[in-house]
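Data block below; observations after.
The values are calculated or read from the model by the stated rules, or taken from the named source; none is laboratory data. None of these values were measured; they are calculated from a predicted model. As a convention, Cβ positions derive from the backbone with ideal geometry for all residues, glycine included, and neighbour counts pool all protein chains shown.
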Amino acid sequence: MSDLLQFAERPVIRSLALLILLTWSTQLAPMGNAIYDLDLWWHLRDGDAIVAQHAVPVQGVFSQYPSHPWVAYSWGFEVLVSRFYHWFGLVGLVGLRSGLEVAITFLLFVILRRTSGSFWKAWALTAAGMWAMHHCMGLRPMLTSVLMFTAEIALIFESRKRGNDGLLFLMPVLFLVWANLHIQFIYGLAVLGLLVTVCIVRRILPKNWNASLEPEQELPVSSVVAVAGLSVVATLIGPYTWHLYAVILNLMRSPAMYGMIVELQALSFRMAEHFIVLLIVVAAFFTLGWQRSRDPFKLALLIAATLVAFRTQRDSWFVCIPALAIISERKLVVAEEAVLSRARAWTFAAVTGVATALVFLLVAWDSKVNNPSLQRALAGYFPVQACDFIRTTIPPGPLYNNLNWGGFIVWCLPDYPVAIDGRTDLYGDQALSRFFRVEQGSPEWWSDPDLQAARLVLLDRRTQLAANLHHDPRFRVAYEDALAVVFRRNSLGAQ
């Protein structure tokens with residue numbers, strides 16, 4: 001047994017284990033899946049426009065509602081996506097997604113390694129967490145929120161563990177970057193607000209009550225309030241300033257998308273990942289009970305994060321990260337593991353980093369992940385050939401399209417403003433619900449105003465609306481393949 005433990009502590013074995021952890025995502029899903037996200041493409045088009053015009057949009061660009069107000073609240077991510085595509089093509093998008101996932105995995109491992117004091121415990125918990133969150137890891141702005149939130153949890157837990165508020169003053173910088181990458185910075189502010197509330201409540205409690213809580217010395221209220229205030233101010237430093245909060249309020253009042261978009265619905269427990277999330281949450285609550293924890297912040301954070309994550313499966317990451325930190329944190333003082341010298345630590349990190357990059361390159365080569373193969377894969381998932389037909393024949397608009405393909409059409413057919421796409425905050429609940437019902441072939445499809453005005457229709461041929469239009473005298477089929485169908489309005493039907 002002692003020989004096995006000594007073997008497990010060897011730097012080479014640990015480096016190999018960390019390499020497996022960082023590259024495990026290649027086994028959970030093909031690398032090429034990064035290009036299949038439905039909203040990726042309007043993000044890419046918007047990033048191209050921002051770079052070209054040196055300005056962010058304030059109205060509904062790329063749509064048939066150019067006068068509607070619209071805030072590109074993920075503009076920083078969109079510029080990042082645009083540059084990676086411009087430099088490397090579709091391979092760049094795959095590389096960006098893999099790089100962000102590796103960064104999240106590594107940062108989560110570092111947090112759990114510090115809180116647990118055990119390499120192998122941190123390794124196992126990180127593997128479980130990344131498996132549970134993998135369905136949230138599409139190439140979208142939310143991926144940057146996962147990374148930022150992981151960093152926030154690291155700062156909060158480390159500061160409370162040390163009883164030192166110095167690290168918290170990195171928060172405003174974190175939120176400055178986060179607010180210009182994705183609107184879910186509001187989740188981070190909510191956690192920071194929860195910490196402020198706990199600190200204030202503990203300050204006003206009777207001393208004997210406060211002394212019974214953990215930690216014995218909570219962070220200074222003045223510092224936590226100052227950090228929270230500076231962080232809020234930091235979120236206002238950007239092209240949209242306070243308008244980001246107006247978007248947040250509108251999204252909170254928009255219930256329609258929660259009934260139409262599967263990933264915005266509650267956990268279905270039809271995927272293994274959903275059960276892993278449940279096990280992690282149960283283990284976190286069990287850990288607090290087993291340790292007889294009297295830390296009100298951890299308990300409140302875990303309850304709030306659980307409510308959010310179980311309400312929307314896309315946000316499972318929001319509970320997994322703090323839950324894993326709670327599970328890994330040691331209650332009792334144990335012997336510290338031997339610490340490598342700085343030189344050996346840097347060598348360990350450099351070798352692991354190079355090996356990780358080489359593994360990703362090897363998997364990409366073995367899986368034939370290159371620009372030509374990704375282009376062929378894209379044509380099997382999105383209406384590439386139908387868009388080529390429209391681009392070649394240049395039929396007159398306006399265009400009617402289904403919801404799922406709207407983002408891709410924004411990017412692939414820049415001369416045809418779309419009727420609908422994934423920007424739910426631009427179109428509003430009424431339009432989203434109507435397009436969804438019409439696509440399903442509801443009785444109102446015949447008189448739909450957008451369809452009535454359209455001279456060109458591009459649809460997934462498997463939808464009920466496409467089947468209905470085959471028998472509609474107002475339209476005729478102009479192009480059809482195994483995936484998509486293009487209809488043009490008959491001159492007689494337009495009268």
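Could you grab me the full set of residues in segment 22-75 that are under 15 Å from the mean Cα position of the chain (by Cα) and more than 23 Å from His134 (Cα to Cα)? Selection gives Tyr73, Trp75. Exactly one residue among Leu125, Leu143 is within 14 Å of Gln184 (Cβ to Cβ) and not aromatic (Phe, Trp, Tyr), and that residue is Leu143.
Applying the selection to segment 169-218, what residues are under 25 Å from the mean Cα position of the chain (by Cα) and not hydrophobic (A, V, I, L, M, F, W, C)? Spell out how you get there, then give the answer.
Residues of segment 169-218 under 25 Å from the mean Cα position of the chain (by Cα): 170-195.
Residues satisfying the conditions are Pro172, Asn180, His182, Gln184, Tyr187, Gly188, Gly193.
Of the residues making up segment 127-149, not a single one is assigned to a helix (DSSP H, G or I), in the same structural domain as Gln313 (by TED's automatic domain parsing) and basic (Lys, Arg). Annotation: Val247 fulfils all but one of (1) touching a Phe, Trp or Tyr at 6+ places or on another chain (Cβ under 7 Å); (2) closer than 27 Å to Phe157 by Cβ; (3) not polar (S, T, N, Q); the unmet one is (2). Against the list (1) surrounded by 13 or more Cβ atoms within 10 Å (Cβ to Cβ); (2) of a type in the set (A, V, I, L, M); (3) not in a loop (DSSP other than H, G, I, E, B), the condition Val282 fails is (1).
Just to be sure before I move on: is Thr235 over 22 Å from the mean Cα position of the chain (by Cα) and either in contact (Cβ under 8 Å) with a residue 24 or more places away in the chain or exposed (fewer than 13 other Cβ atoms within 10 Å of the Cβ) (or both) in the structure I sent? Can you show your working first?
Values: over 22 Å from the mean Cα position of the chain (by Cα): no; either in contact (Cβ under 8 Å) with a residue 24 or more places away in the chain or exposed (fewer than 13 other Cβ atoms within 10 Å of the Cβ) (or both): yes.
Here the answer is no, as Thr235 does not meet what is asked.
With respect to (1) of a type in the set (Phe, Trp, Tyr); (2) in contact (Cβ under 8 Å) with a residue 40 or more places away in the chain; (3) out of contact with any Ser or Thr (no Cβ under 9 Å at 6 or more places or on another chain); (4) in a helix (DSSP H, G or I), the lone exception for Tyr73 is condition (4). Taken together, the residues in segment 368-392 that are over 25 Å from the mean Cα position of the chain (by Cα) and surrounded by 13 or more Cβ atoms within 10 Å (Cβ to Cβ) amount to 9.
Got a sec? Which of Asp429, Asp450, Asp415, Asp425 is in a loop (DSSP other than H, G, I, E, B), under 28 Å from Ser74 (Cβ atoms) and not hydroxyl-bearing (Ser, Thr, Tyr)?
Working: Asp429 fails: in a loop (DSSP other than H, G, I, E, B); Asp450 fails: in a loop (DSSP other than H, G, I, E, B); Asp425 fails: in a loop (DSSP other than H, G, I, E, B).
One residue alone meets the criteria, Asp415.
For (1) at pLDDT below 90; (2) part of a helix (DSSP H, G or I); (3) polar (S, T, N, Q), each residue gets a yes or a no:
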| site | (1), (2), (3) |
| --- | --- |
| His182 | no, no, no |
| Leu189 | no, yes, no |
| Gly193 | no, yes, no |
| Val196 | no, yes, no |
| Asn210 | yes, yes, yes |
| Ser222 | no, yes, yes |
| Val227 | no, yes, no |
| Val232 | no, yes, no |
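From the list Ile261, Ile248, Ile280, the lone residue that is touching a helix residue (DSSP H, G or I) at 6+ places or on another chain (Cβ under 9 Å) and closer than 21 Å to Ala323 by Cβ is Ile280.
Taking (1) touching a residue at least 60 places away in the same chain (Cβ under 8 Å); (2) within 24 Å of Gly380 (Cβ to Cβ) in turn, Gly92 satisfies each apart from (1). Looking at the structure I just gave you, is Phe348 surrounded by 15 or more Cβ atoms within 10 Å (Cβ to Cβ), at negative phi and at pLDDT 85 or above? No; evaluated as a whole, the condition is false for this residue. When segment 65-113 is filtered for residues that are crowded, with 19+ Cβ neighbours inside 10 Å and of a type in the set (S, T, N, Q), the ones remaining, listed by number, are Ser74, Ser82, Ser98, Thr105.
Answer with yes or no whether Ala466 is hydrophobic (A, V, I, L, M, F, W, C) and not in a helix (DSSP H, G or I). Can you show your working first?
Numbers: hydrophobic (A, V, I, L, M, F, W, C): yes; not in a helix (DSSP H, G or I): no.
No, not satisfied.
Among the residues of segment 155-172, is there at least one that is assigned to a helix (DSSP H, G or I) and farther than 22 Å from Pro215 by Cα? Checked segment 155-172: at least one residue is assigned to a helix (DSSP H, G or I) and farther than 22 Å from Pro215 by Cα.
Residue-wise test of (1) under 20 Å from the mean Cα position of the chain (by Cα); (2) at pLDDT 85 or above; (3) within 19 Å of Thr126 (Cβ to Cβ).
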{"site": "Ile261", "(1), (2), (3)": "yes, no, no"}
{"site": "Leu264", "(1), (2), (3)": "yes, no, no"}
{"site": "Ser268", "(1), (2), (3)": "yes, no, no"}
{"site": "Ile276", "(1), (2), (3)": "yes, yes, yes"}
{"site": "Leu279", "(1), (2), (3)": "no, yes, yes"}
{"site": "Arg294", "(1), (2), (3)": "no, yes, no"}
{"site": "Ile327", "(1), (2), (3)": "no, yes, yes"}
{"site": "Thr356", "(1), (2), (3)": "no, yes, yes"}
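Among the residues of segment 237-254, none qualifies, meaning not one is of a type in the set (Lys, Arg), touching a Ser or Thr at 6+ places or on another chain (Cβ under 7 Å) and either over 28 Å from Glu329 (Cα atoms) or not assigned by TED's automatic domain parsing to the domain that holds Asn404 (or both). Is it true that some residue in segment 105-128 is free of Cβ contacts under 8 Å to residues at least 12 places away in the same chain and within 20 Å of Phe318 (Cα to Cα)? Checked segment 105-128: at least one residue is free of Cβ contacts under 8 Å to residues at least 12 places away in the same chain and within 20 Å of Phe318 (Cα to Cα).
When residues in segment 422-473 are screened for being without any contact (Cβ under 8 Å) to a residue 60 or more places away in the chain, buried (at least 17 other Cβ atoms within 10 Å of the Cβ) and of a type in the set (Lys, Arg), 2 of them pass.
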